[in-house]
Amino acid sequence: QVQLVESGGGLVQAGGSLRLSCAASGSIFGINAMGWYRQAPGKQRELVATITSGGSTDYVDSVKGRITISRDNAKNTVYLQMNALKAEDTAVYYCRCTRRGYNYWGQGTQVTVSS
């Protein structure tokens, strides 16, 4: 089992920045891809960004140029640096990792962007 704990969410004004962190613990050996997803009220959960163990990244088009995913393998932590935040970025952000064919999710952290 892998446990994921997110932190760093909060309330920020439009144009501001936040940095989310997700720390993995438990059976962490063999974790491959890690990523961030978000779910806004009344909408489906969507992919924001992913990063492989080798550092390859992928982003949804709506966040490219504003949001950066990074990973510290020594700390088993993945980060999401969010800049130039918009009201439409408001959502619960979830961390996910994949290990040996299984997906694990964190409990989510709320990000609210006021316009």
Comparing 44, 13, 81 in a Gaussian network model of the chain (Cα, 10 Å), the one with the largest mean-square fluctuation is 44
Debye calc, one equal point scatterer per Cα of the chain, no solvent, log10 I(q)/I(0) at q = 0.17, 0.19, 0.22 1/Å comes to -0.75, -0.93, -1.22
Expressed in angstrom and ordered largest first, the alpha-carbon extents of the range 1-65 along the principal axes are 38, 24, 23
Which of 78, 48, 92 fluctuates most in a GNM of the chain (C-alpha springs under 10 Å)? That residue is 92
Within the set 27, 53, 17, GNM on the chain using Cα springs under 10 Å gives the largest fluctuation to 27
Residue-normalised value, i.e. accessible area per residue, for the range 3-115 at 1.4 Å probe, in Å², stands at 52 Å²
For the chain, the charge dipole (Cβ of Lys, Arg +1; Cβ of Asp, Glu -1; about the Cα centre) points to a positive end, and the Cα of 33, 101, 113 closest to that extreme belongs to 101
Carbon plus sulfur, as percent of the 1.4 Å-probe accessible area of the range 1-68, comes to 50 percent
Among 18, 1, 55, the residue whose Cα sits farthest towards the positive end of the charge dipole of the chain (+1 at Cβ of Lys and Arg, -1 at Cβ of Asp and Glu, taken about the Cα centre) is 1
For the range 48-115, the dipole about the Cα centre with charges only on Cβ (Lys and Arg +1, Asp and Glu -1), to the nearest 20 debye, works out at 260 debye
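Per 0.36 nm of contour for each residue apart, how much would the distance between residue 32 and residue 66 grow if the chain were fully extended, relative to their Cα-Cα spacing? Provide the component values of the computation, followed by the final result.
Numbers: separation 34, 0.36 × 34 = 12.24 nm, distance 2.44 nm.
Stretched fully, the residue 32-residue 66 segment lengthens by 9.8 nm.
The values are calculated or read from the model by the stated rules, or taken from the named source; none is laboratory data. Predicted model only: the values in this text are computed from it and were never measured. Backbone-built Cβ (ideal geometry, glycine too); neighbour counts: all protein chains shown. With ligands, DNA and RNA removed, areas are computed over all heavy atoms of the protein, side chains included. Shrake-Rupley method; radii C 1.70, N 1.55, O 1.52, S 1.80 Å.
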